[in-house]
Every structure is written in C-alpha cells, then in structure tokens.
1. Too long at a 26 Å Cα-Cα cut-off: which of 21/222; 21/250; 7/222?
2. Given 0.36 nm per residue, what is the gain on full extension from residue 105 to residue 234 after removing their alpha carbon distance, in nm?
3. If packing is taken as the mean number of other Cβ atoms within 10 Å per residue, what is the order of 141-154, 72-85, highest first?
4. Before I look further, what does the chain give for accessible area per residue, probe 1.4 Å, in whole square angstrom?
5. Once every Cα of the stretch 153-200 carries one equal point scatterer and solvent is ignored, give the base-10 log of I(q)/I(0) from the Debye formula at q = 0.30 Å⁻¹, two decimals.
6. Over the chain, calculate the relative contact order: mean separation of alpha carbon pairs under 8 Å at least 6 apart, over the residue count, as a percent.
7. Tell me, what % of the accessible area of the stretch 86-219 is carbon and sulfur with a 1.4 angstrom probe?
8. Per the Debye formula with a single identical scatterer at each Cα and no solvent contribution, what log10 I(q)/I(0) holds for the stretch 128-251 at q = 0.21, 0.23 Å⁻¹?
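The values are calculated or read from the model by the stated rules, or taken from the named source; none is laboratory data. Note that the structure is a prediction, hence the values are computed from the model and not measured. Glycine also receives a Cβ, built like all others from the backbone with ideal geometry; neighbour counts cover every protein chain displayed. Please note that ligands, DNA and RNA were not included when accessible areas were found on the heavy atoms of the full protein model with its side chains. Shrake-Rupley method; radii C 1.70, N 1.55, O 1.52, S 1.80 Å.
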Amino acid sequence: MASEQEKTADFGFRTVAKDEKEVMVAEVFHSVAAKYDLMNDLMSFGIHRIWKRFTIECSGIRRNQCVLDLAGGTGDLTARFSRMVGEGGEVILADINASMLKVGREKLRNKGIIDNINYVQANAEALPFPDNTFDCITISFGLRNVTDKNKALRSMYRVLKPGGRLLVLEFSKPVVKPLSKVYDAYSFHILPKIGEVVASDAGSYRYLAESIRMHPDQETLKGMMSDAGFDSVNYFNLTGGIVALHRGFKF
Ligand SMILES: C[S@@+](CC[C@H](N)C(=O)[O-])C[C@H]1O[C@@H](n2cnc3c(N)ncnc32)[C@H](O)[C@@H]1O
C-alpha cells in the first residue's frame, strides 16, 4: 500500500493529493497562458532570455537533429531549435497544458518559423515517444511543476538517444546570502502584485514564488538526475544561483 508521502505532493507550500496537484497546476497555466510571455519579461527584467540563450549554447544541437522541448509552453526554446536543426531536423514542443500549447503554436506560426515543429500534449511523467528518439531534451522552468519529478526524469532518460543530453533550466537556490534576502522580498511581495495588476491573478504568482522555494536545490537535483540514469551530470549557476542549468548525458 502507498504511504501518505507517496500519495501527496507539494503545491507551493501546501501538501495536496497527487491527483489534485496536477489539476491545480493546470489551472495556474490555463489562467496565465495569455499573459505568460509579457509576465516573463516583466518579472525577470528580460533576463530569462539570457538564461535561455545559455541553455541553447549548452545544447550542442546541430542540423538535422531531433529535439524535445518538454513543458515547452509558449515555445521560446522551440523557436531557436527550429532554426538550428533546419528543414532536415525536427523539434517537438510538448506540454501538458492545452492553453499554453495553443499560445505557443500561434506565436511560432506568426513568427513564420519553418515547418519542422510538431506539437504534442503530453505529461512529462509518461512521454508518448519510443525509446532512444531524441538527440537533446530541454525542460525549461517546467520540472518544478511536475508532480513526480523522478518518474519524469526516468521517462526523459528512456526517450533520449545514447549520446544525447538533457538540459534542465530551473529556478534554484541563490548562492549569495544578501541576494537571497532581496530575492525573497521580491518574489513574495512584489511578484504577486505584478501578477495582480498585469494578469489579474495574484494567486498563480504566489504559487510561482512558493514552488521555487520547494524545488530541490542544485546538489539534490544533480543526485536525482544521476539516480534516473544520467551520466556526467553537472550544473551551472546563473544570476548567483537564482537559476541553475543542469546537464546530464545518456551514454
Ligand atoms: C513556467 S512554464 C515554462 C514554459 C517554457 N518552457 C519557458 O521556459 O518559458 C511551465 C510549463 O510546464 C508545463 N507543465 C507543467 N506540468 C507538466 C507536466 N507534468 N508535463 C508536461 N508539461 C508540464 C506547464 O503547462 C507550463 O507550460
């Protein structure tokens, strides 16, 4: 029989039933989808673009390769990968949330991106792809929202080709003490206010701040990736560890 801990998950600072978390996360992203890109720029002062650029640089992606942008949302990484792999390659933008996928698809079509992108509604915990499919998988600001992160990491390992790499871009634990205090004040007091004014939704941005605090720190995530089977796992702290990029390989 499953223990209490196995049946529950964190939703921000609250402990909820696992099934309930998936529904609550879905509500957050249905609610923020239309304003997601604007809020990203406002909340991070545009710095998320630099974090994402660094992720692309670490991807090692070449023409004609196959990439999975998991929890890809509005497709910032997908757009860049699409150009890099070219017409002979393929990018799959996968996300569990239909509203985020819809915004992503419309945005990429309006940008006139070449026709090498497929859109798939999928849960990271049970990826609907054959073993050994992708040269590279990215999950950017997505893993934090997944109910069973270990299961999702194992699923990513399964669909990655031998020689392929996983890149996890996610909020992490600031490594500079004074930065940590300012960051806490900003995320718990200012973020929900910006959310209220711009997206009429303070609650979703309160969840954002809380979920960041509950997410595994750099070393813990590194251990989780190794446990899921990834080799040579390492990470780069970005902006003083506010964000970290973890990278692991399947050999
Ligand atoms: C903060 S957004 C990140 C979007 C995009 N990757 C970016 O960096 O801008 C998080 C995304 O994770 C998706 N997500 C949450 N849980 C998921 C799951 N279990 N499987 C796949 N996607 C999930 C959400 O629907 C949402 O689009």
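1. Pairs exceeding 26 Å: 21/250.
2. The residue 105-residue 234 span can extend by a further 43.2 nm.
3. Per-residue mean Cβ counts within 10 Å order the peptides as 72-85, 141-154.
4. Value returned for the chain: 47 Å² of accessible area per residue.
5. At q = 0.30 Å⁻¹ the computed log10 ratios are -1.09.
6. The value is 19 percent.
7. After summing per-atom areas, the C and S share lands at 52 percent.
8. Rounded to two decimals, the profile gives -1.12, -1.25.
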